[in-house]
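Down below is the structure, laid out as structure tokens.
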Amino acid sequence: MIVLDFSQLQVQQTFRQDLIICIYRNYGTVDNQMQILKTYHYVAPPNVSADIKFVIGSLSHLLTHYNVLNEIKKVYIWTDGCARQFKLTTNLAMWAYLRRMVNPAIEIIYNFFGSYHGFNICDASAANAKRKLNQEQRNSGVAFRTNTQIIDCLKTMVNTDATHSLITSTKPEMCHKLVGIKSYHMFKILDTSMKVYSHSQQGFPEFEFVFNTRDLRSIEDSILTNPTLKPIFEPIISERNQVRDLGAFSLAQHAQIE
């Protein structure tokens, strides 16, 4: 299960956006389920907006650098319904694109918390991070003024990793948007489409929404604008294109034989 939320770190009269990603995994053991929780922080410099460009860049790095979805069959994602960060067609298209790139076999169930849902695990992680930063500065007598100081401090926390935020230069332009997205609360992400549900529970979907090919390409173009992500994604894209071309070639050969 992946839970995402934004927090704001106040350090020496500056405010920095922090995308907190809590990943909860179950590993089967002989006796019971061993539960693992890992928290990731993507910290931005001052005056950086918490928007979809922040989400696309940081999630693209998380899934490729830390390989959190490798060998996973199903993942549940939970976020709030902020229309600037999460509850928009662009974010769901991003997950469809990243699914195709990193693990096409995985089942992704994306859920949105209801309004006034209260606190979640990311809020607890944010409180722990702020307390750690305050304690470290007070105990060491050193005031943190750079992102690197903040990130190095967060890395000392148990089961926690932190890095600089990765933000794309452009925001993808969606040609095909899901009308009335606020009315829906659960989405099953597929290869080039998603099943849309009214409630965050398994049942019959309202309908299936198909992503426009240009929209998925727009996600890819946006990711490639980041100089850190570009060398990571170019080999993955090349490999996926080769697999697709080989599949098309095999189908053509089979048709000729028949």
Right, N139: outside any loop (DSSP other than H, G, I, E, B), exposed (fewer than 12 other Cβ atoms within 10 Å of the Cβ) and modelled with pLDDT of 90 or more or not? yes
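Any residue that is among the polar types (S, T, N, Q) and either touching a strand residue (DSSP E or B) at 6+ places or on another chain (Cβ under 7 Å) or at pLDDT 90 or above (or both) - is there at least one of those in segment 175-185?
Within segment 175-185, the first condition is being among the polar types (S, T, N, Q), and the residues that meet it are 183.
Right, trim to either touching a strand residue (DSSP E or B) at 6+ places or on another chain (Cβ under 7 Å) or at pLDDT 90 or above (or both) and you get none.
Scanning segment 175-185, I find no residue that is among the polar types (S, T, N, Q) and either touching a strand residue (DSSP E or B) at 6+ places or on another chain (Cβ under 7 Å) or at pLDDT 90 or above (or both), so the answer is no.
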When segment 1-41 is checked residue by residue, the ones that are more than 18 Å from K155 (Cα to Cα), in a strand (DSSP E or B) and at pLDDT below 85 are R25, N26, Y27, G28, Q33, M34, Q35
Looking only at segment 59-79, filter to residues that are among the polar types (S, T, N, Q) and outside any helix (DSSP H, G or I); which one of those is nearest to the chain's Cα centre (by Cα)? T79
Could you grab me the full set of residues in segment 214-258 that are hydroxyl-bearing (S, T, Y) and modelled with pLDDT of 90 or more? S218, S222, T225, T228, S238
Answer yes if at least one residue in segment 145-155 is buried (at least 16 other Cβ atoms within 10 Å of the Cβ), under 15 Å from C22 (Cβ atoms) and in contact (Cβ under 8 Å) with a residue 12 or more places away in the chain, and no otherwise. yes
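So, K188, is that one part of a strand (DSSP E or B), surrounded by 16 or more Cβ atoms within 10 Å (Cβ to Cβ) and touching a residue at least 60 places away in the same chain (Cβ under 8 Å) or not?
Working: part of a strand (DSSP E or B): yes; surrounded by 16 or more Cβ atoms within 10 Å (Cβ to Cβ): yes; touching a residue at least 60 places away in the same chain (Cβ under 8 Å): yes.
Answer is yes for this residue.
Looking at S183, is it at negative phi, surrounded by fewer than 14 Cβ atoms within 10 Å (Cβ to Cβ) and touching a Phe, Trp or Tyr at 6+ places or on another chain (Cβ under 8 Å)?
no
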Would you be able to say whether some residue in segment 83-102 is within 28 Å of L133 (Cα to Cα) and hydrophobic (A, V, I, L, M, F, W, C)? yes
Which of (1) modelled with pLDDT of 90 or more; (2) touching a strand residue (DSSP E or B) at 6+ places or on another chain (Cβ under 8 Å) is the odd one out, the single condition Q201 does not satisfy? (1)
Hits in segment 191-240 (condition: under 19 Å from N103 (Cα atoms), exposed (fewer than 13 other Cβ atoms within 10 Å of the Cβ) and either of a type in the set (D, E, K, R) or touching a residue at least 40 places away in the same chain (Cβ under 8 Å) (or both)): D191, R217, K230, E234, E239
Which count do you get for residues in segment 80-122 that are closer than 11 Å to I189 by Cβ and assigned to a strand (DSSP E or B)? 4
Is there a residue in segment 165-180 that is over 12 Å from V43 (Cβ atoms), out of contact with any Pro (no Cβ under 9 Å at 6 or more places or on another chain), among the aliphatic types (A, V, I, L, M) and surrounded by 12 or more Cβ atoms within 10 Å (Cβ to Cβ)? yes
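The values are calculated or read from the model by the stated rules, or taken from the named source; none is laboratory data. Because the structure is a prediction, the values reported are computed rather than measured. Using ideal geometry, Cβ is built from the backbone for each residue, glycine included, and neighbour counts are taken over all protein chains shown.
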